[in-house]
Amino acid sequence: MAIRVLIVDDSATARAVLREILESDPSIEVVATASDAYVARDKIVELRPDVVCLDVEMPRMDGITFLKKMMHYMPIPVVMVSSLTQSGAKTTLDALEAGAVDFVGKPHSHIYDGKDEMKNELLAKIKAASKAKVFQKELKSFAQANTTSLAETTNKILAIGASTGGTEAIKDVLLGLPRNAPGTVIVQHMPANFTAAFAQRLDSLCAMEVREAKNGDSITPGVVLVAPGDYHMVVRRSGARYYIEIGSGDKVSGHRPSVDVLFHSVAKIAGANAIGVILTGMGGDGAKGLLAMKNAGAKTLGQDEKSCVVYGMPKIAYEIGAVQKQVPLNKIATSIVSLI
């Protein structure tokens with residue numbers, strides 16, 4: 001059965017391009033389009049689409065406000081279409097926080113000129129969204145960060161990898177960690193311009209300090225370093241000091257930054273002095289790296305199927321024997337603390 005998609009965008013041109021892209025795949029059916037949130041609401045009630053492709057900037061009601069209402073009253077998988085700019089990054093993070101499964105960046109140029117570059121990504125994310133779990137969202141603010149402390153600071157490294165659904169999963173894990181938790185390194189699949197805003201948002205919520213990683217940053221207790229978009233991040237060591245190295249290079253496991261690249265470096269440099277966590281995400285990036293960490297003596301955790309938005313990366317890691325323990329998202333932070 002075809003994946004039934006509703007396209008919501010105030011631009012007639014964008015609606016036409018998105019329809020053309022989606023209908024190029026026989027497994028996808030565009031059941032309707034809508035020019036604003038009010039038309040979209042009626043279409044959703046009438047047609048019950050499998051996935052909604054939603055613009056951010058729209059008249060009468062913006063996409064984020066509409067998304068929040070939809071995820072409260074009638075949760076449906078949503079893929080946002082957003083500008084790949086600094087302001088677009090903040091808005092997209094708002095959307096992921098509100099319950100969107102994923103996002104696709106609108107090209108900087110005219111959408112017709114950029115349709116080829118977004119085609120494969122859009123099709124893949126619509127298909128992943130059709131299988132994603134979505135949860136009803138309360139119309140309220142975040143829970144407060146955990147402000148407890150560990151009995152003593154450690155020099156372990158906590159390495160986390162995630163993709164689809166990962167921005168919220170990472171937030172939930174970090175909210176449960178104390179301010180003196182081990183130095184933490186994170187790869188979340190995101191483009192350039194997005195990771196700085198993501199780190200800033202986490203920093204405002206979490207007990208630990210969170211920032212986008214820079215070349216040469218030390219990995220120290222109480223600090224979380226997020227790999228910058230479009231760059232690989234690896235762990236190096238000089239004496240007793242662990243630090244970060246940032247570089248370009250080819251995509252690995254289809255991604256840059258790649259979870260596999262980070263995890264393999266942690267396995268080599270930190271060995272048994274590390275904890276690896278693989279969270280929700282499409283594909284298999286990180287599975288082999290997590291196995292290398294486990295084989296090097298690290299403790300490894302994987303998010304369980306029930307709590308994943310997309311049970312892809314943790315599933316493959318579990319199937320190849322890389323995950324020592326599968327844990328629900330709401331218990332990952334306490335599991336990390338118990339391992340420390």
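The amide H of residue 105, built 1.01 Å from its N in the peptide plane, has 82 as neighbours under 5 Å, considering only residues 5 or more places off or on other chains. Distance distribution P(r), the range 1-91, all Cα-Cα pairs, bin width 5 angstrom from 0: 3, 14, 26, 26, 18, 10, 3, 0 percent.
Where the centroid of each part is defined by its Cα atoms, how far is the range 1-51 from the range 262-313 in Å? Cα centroid of the range 1-51 versus Cα centroid of the range 262-313: 36 Å apart. By its C-alpha gyration tensor, with a ≥ b ≥ c as the square roots of the eigenvalues, how is the range 159-226 shaped: rounded for a/c under 1.5, else prolate for a/b larger than b/c, else oblate? It comes out oblate by the Cα gyration axes. Computed over all pairs of different Cα atoms, the Kirkwood value for the hydrodynamic radius of the chain is 20.3 Å. Taking only the C-alpha atoms of the range 157-339, the Rg (one decimal) and the largest Cα-Cα distance, Dmax (whole number), read 14.2, 42 Å.
Among bridges DSSP assigns within the chain, what percent are antiparallel (round to 5)?
15
Assuming charge only on the beta carbon of Lys and Arg (+1) and of Asp and Glu (-1), the dipole of the range 157-339 about its Cα centre is about 400 debye to the nearest 20.
By the rule of a C-alpha distance below 18 Å, with chain neighbours fewer than 8 residues away ignored, the aspartates and glutamates paired with residue 90 are 55, 57, 62, 102, 168, 203, 212, 230. Modelled spin labels at residue 48 and residue 62, positioned 7 Å past Cα toward Cβ, are 3.3 nm from each other. Taking a ≥ b ≥ c as the square roots of the eigenvalues of the Cα gyration tensor, the range 203-273 is classed as oblate, since a/c reaches at least 1.5 and a/b does not exceed b/c.
Extension gain, residue 31 to residue 204: 0.36 nm times the residue separation minus the Cα-Cα distance gives 58.3 nm. Of the residues 185, 74, 232, the one whose Cα sits farthest towards the positive end of the charge dipole of the chain is 185 (charges of +1 on Lys and Arg Cβ, -1 on Asp and Glu Cβ, taken about the Cα centre).
Any read-out appearing in this document is the output of simple, stated calculations on the displayed coordinates, not a laboratory observation. Treat the numbers as computed from the prediction; the structure is a model and nothing was measured. When we count neighbours, we look across all protein chains shown, and the Cβ atoms used for this are built from the backbone with ideal geometry, even at glycine.
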